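A short worksheet on the structure shown next.
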Amino acid sequence: MIQRLITLAPMTALLIFGATGNAFAGGRSEPWQMGFQPAGSPVMERIIEFHNLVLVIEVSIVALVLGLMCYIIVRFNAKANPVPSKTTHNTLLEVVWTVVPLLILIVVAVPSLKLLYYSDRVENTEMTLKVTGNQWFWSYTYPDHGGFEFDSVIVPDDELKAGQPRLLTVDNEVVLPAETNIRLLFTSADVIHNWGVPSLGLKLDTVAGRISETWVRINKKGNYYGMCSELCGVNHGFMPIHIKAVSKADFAQWVETANKEFARTGGPAPVRVAKAGARDRDD
C-alpha cells in the first residue's frame, strides 16, 4: 500500500499543478494515468491550457475560502470574542464579493468562448473524412480521394497480435496525413453514437439524418485511439477508433492501395458485429 502511494504521489502532484506533459505514452491512456493524454492536435493543446487556467483559479478559490473559514473559526469563536459585533451592511465588503466573482467569470468565459470557436471553425481544410456510426462499428469514406469506403470493426481478443491493445484494435484503421487540416463529417446509420479521440480533442455525436462537422490537425505521426462515447446499445463498448497518422507521401501511397482494396464492386455486404468481440458477414 505504501509503495502504491509513493508511486501515485508524483502523478497526483502533476494533476494538482495542471501538468500533463509527455510522461505518458501518446495516443491512449496508460494504467494509473491521471490527467489528460498528451496533446496530439492544436485543439487539444488549447484544451489543456484552458484546463490549467481553470484549475489554478479553482485551487485559489478553495484556498482563499478555507483560509477565511479558519480565520473566522479562530478569531470569532465565543471564547475569543465573547461580545459579538453588531455591525451590518459593510458596503465595501458587499461590493468586493460581488465584483470579484464577476471578474473571475469574465476571466473564465473569454478563453472558453475563444476555445469553442477555434475548435468549431473549419477553415482552409486540405481533405475531408466522413464518419458514419453503425451498431456497432464505424464506416469511413474518403470523398476527396475517389470516394472509397470501408468498415472498421473491433478485433476479438483471440485474434490480437503482440503489441495490439485490447478493445482498441480494429481490422481497418483510419489512415490520415499528419500536419494536414482535415474536415470531419459525422452522421449515423441508426442510433446516436459519439466519435471521441481524447488525445486529439475530438468528441462529437453522430446523429442519423444529420451531418455534424468539425476539424483536426494531427501534430505528428503515430497511433491515436478512441472509443464511442455515447451509450448506443449492448455492444457500445466494442466500437473502438484507431487513427494511424502518417506522412503525406505515405498517405498518398496508401490512398492508391485503398482505392483498389475498397473499390465498390457490388460484392458481399459490409461486415457486421454479431456479438461482443465477434464478427459476422451476411453473404
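Net charge around Phe36, counting only other residues with Cβ within less than 15 Å of its Cβ (Lys, Arg = +1; Asp, Glu = -1)? With Lys, Arg at +1 and Asp, Glu at -1, the neighbours total 0.
Placing R0 at 25 angstrom, the Cβ-Cβ distance between Glu58 and Thr91 gives a FRET efficiency of 0.30 after rounding to 0.05. Stretching the chain fully between Val110 and Glu49 yields a gain of 20.6 nm (0.36 nm per residue, less the alpha carbon separation).
Let me know the shape class of the range 42-120, please: from the alpha-carbon gyration tensor, a ≥ b ≥ c as square roots of the eigenvalues, rounded when a/c is under 1.5, otherwise prolate if a/b is greater than b/c, or oblate. Because a/c hits 1.5 or more and a/b fails to exceed b/c, the range 42-120 counts as oblate. Which of the three applies to the range 127-264, rounded, prolate or oblate, going by the alpha-carbon gyration tensor with a ≥ b ≥ c and a/c under 1.5 meaning rounded? Note, shape of the range 127-264 comes out rounded. The mean sequence distance of close C-alpha pairs (under 8 Å, at least 6 residues apart), as a share of the length of the range 112-179, puts its relative contact order at 19 percent. Projecting the Cα atoms of Gln135, Ala80, Thr91 onto the dipole axis of the range 62-186, where Lys and Arg carry +1 and Asp and Glu carry -1 at the beta carbon, places Ala80 farthest toward the positive end. Normalised by the number of residues in the range 136-240, the average gap of Cα pairs under 8 Å and 6 or more apart makes the relative contact order 27 percent. Cross-link pairs exceeding 18 Å between alpha carbons, from the set Lys220/Lys244; Lys203/Lys248; Lys114/Lys248; Lys220/Lys248: Lys203/Lys248; Lys114/Lys248.
Averaging Cα coordinates gives a centre for the range 244-259 and one for the range 191-237; these two points are 22 Å apart. Taking Cα centre as origin and charging only the Cβ of basic (Lys, Arg, +1) and acidic (Asp, Glu, -1) residues, the dipole magnitude of the range 153-265 rounds to 420 debye. Amide H to amide H distances under 5 Å link Asn194 with Thr206, Ser229, Glu230, where only residues 5 or more positions off or on other chains count and H is placed in the peptide plane.
Phi angles of the range 67-75 translate, via the Karplus equation with coefficients 6.51, -1.76, 1.60 and θ = phi - 60°, into HN-Hα couplings of x, 4, 5, 4, 4, 5, 4, 7, 7 Hz per residue; Gly and Pro are given as x. The trypsin sites (Lys or Arg not before Pro) of the range 61-115 that DSSP puts in a loop, and whose beta carbon has at most 11 other beta carbons within 10 Å, are Lys79, Lys86.
Coordinate-derived values only; no laboratory data. Nothing here was measured: the structure is a model prediction, and the numbers come from that model. All Cβ positions, even for glycine, are placed from backbone atoms using ideal geometry, and neighbour counts span all protein chains on display.
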